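In what follows, a single structure is set out as structure tokens and then discussed.
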Amino acid sequence: MSDFILTLSCPDRTGIVHAVTGWLLQQHGNVVEAQQFGDAETQRFFLRIHFSVSGKETNVTELNEAFAPVATEFNMEAHIHDASRKARILILVSRQGHCLNDLLFRTHSGQLPVEIAAVLSNHQDHATLASSYNIPFHHLPVTPETKAEQEQQILRFVDTLGVDLVVLARYMQILSPELCRALSGRAINIHHSFLPSFKGARPYHQAHARGVKIIGATAHYVTEDLDEGPIIEQDIERVNHSMSAHQLTQVGSDVESLVLSRAVAAHVQHRILLNGQRTIVFR
């Protein structure tokens with residue numbers, strides 16, 4: 001028995017679910033999990049079905065080809081994925097290692113269903129941490145003069161390592177528009193949710209000085225518009241006047257780590273569908 005995941009979006013109309021389930025019956029498919037959403041504003045329909053196929057050998061290529069007539073009839077953006085295949089991710093990090101450490105641990109302990117192909121950094125701070133998990137670490141220093149070549153190196157790693165998703169785990173470099181386009185739909189970033197109020201260095205210290213009561217984090221897809229890509233996941237924690245700037249930073253680090261891991265999990269499990277500048281995230 002083989003498991004697959006079908007995701008699709010299309011203009012909303014009658015008969016979509018009937019056509020899809022009818023096709024699944026023809027393929028001897030059994031629905032394991034199904035989630036759907038119709039957006040009244042955009043008049044689009046979104047569907048994710050986890051299904052199994054028994055009684056015959058099949059693969060993703062064959063299934064996508066077989067589903068093509070249904071997709072064409074309903075003008076669908078549709079993809080069928082092998083549910084057993086672990087996505088390969090490439091982690092980019094600078095000097096703040098809390099998100100990297102969390103991703104490494106969750107992957108090692110089986111909580112996050114991915115393979116980490118490598119860790120790339122513009123600093124050497126976390127080489128030992130990556131090595132402790134037997135993950136290749138590559139130091140790619142960058143200056144304004146070498147930025148274009150360094151980004152080409154990143155893309156070469158993406159290609160040669162067969163990377164499905166690039167995760168910016170507190171990578172403190174602004175990606176060029178060219179790199180953003182090359183990684184469109186397959187790069188996730190994490191940052192605090194103070195934007196646009198507290199930009200730049202030491203945002204938690206700025207927040208402490210202003211007496212904030214809520215700390216949050218946002219994970220989103222990377223686009224050419226800095227920190228404005230489609231939002232995947234967010235969370236918050238309440239804080240109070242008794243907490244120091246250091247304590248606020250610790251709380252923020254925990255929230256960032258949790259939000260990023262959730263976003264990565266949703267992506268690799270094919271639970272995210274784009275709806276314009278918004279996302280549909282099936283739980």
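The values are calculated or read from the model by the stated rules, or taken from the named source; none is laboratory data. What you see is a predicted model, and the numbers here were worked out from it, not measured in a lab. Positions of Cβ are generated from backbone atoms using ideal geometry, with glycine treated the same way; all protein chains shown enter the neighbour counts.
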Extreme residue, farthest from Ala169 (Cα to Cα), among residues of the stretch 226-283 that are of a type in the set (Gly, Ala, Ser) and in a helix (DSSP H, G or I): Ala245
What number of residues within the stretch 71-106 are buried (at least 20 other Cβ atoms within 10 Å of the Cβ) and either acidic (Asp, Glu) or closer than 16 Å to Gly29 by Cα (or both)? 2
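Taking the conditions exactly as written (closer than 27 Å to Arg278 by Cα, in contact (Cβ under 8 Å) with a residue 12 or more places away in the chain, assigned to a helix (DSSP H, G or I) and polar (S, T, N, Q)), does Asn75 satisfy them or not? Spell out how you get there, then give the answer.
Numbers: closer than 27 Å to Arg278 by Cα: yes; in contact (Cβ under 8 Å) with a residue 12 or more places away in the chain: yes; assigned to a helix (DSSP H, G or I): no; polar (S, T, N, Q): yes.
No.
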State all residues of the stretch 5-33 that are in contact with a Gly (Cβ under 8 Å, 6 or more places away or on another chain) and either in the same structural domain as Gly276 (by TED's automatic domain parsing) or of a type in the set (Asp, Glu) (or both); if no residue qualifies, say none. Asp12
Apart from one, (1) over 16 Å from Ser131 (Cα atoms); (2) in contact with a helix residue (DSSP H, G or I) (Cβ under 6 Å, 6 or more places away or on another chain); (3) aliphatic (A, V, I, L, M) all hold for Ala83; the odd one out is (2)
Which one of these does Phe157 not meet: (1) touching a helix residue (DSSP H, G or I) at 6+ places or on another chain (Cβ under 8 Å); (2) closer than 22 Å to Lys86 by Cβ; (3) part of a helix (DSSP H, G or I)? (1)
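State which residue is farthest from Ser2 (Cα to Cα) when the search covers only the stretch 17-75 and only residues that are of a type in the set (Gly, Ala, Ser) and over 27 Å from the mean Cα position of the chain (by Cα).
The initial filter retains those residues of the stretch 17-75 that are of a type in the set (Gly, Ala, Ser), namely 19, 22, 29, 34, 38, 40, 52, 54-55, 66, 68, 71.
In the following step, the residues that additionally are over 27 Å from the mean Cα position of the chain (by Cα) were identified as 19, 22, 29, 54-55, 66.
Values: Ala19: 22, Gly22: 19, Gly29: 10, Ser54: 7, Gly55: 10, Ala66: 16 Å.
Selected residue: Ala19.
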Which residues, counting only those in the stretch 99-115, are at positive phi and under 15 Å from the mean Cα position of the chain (by Cα)? none
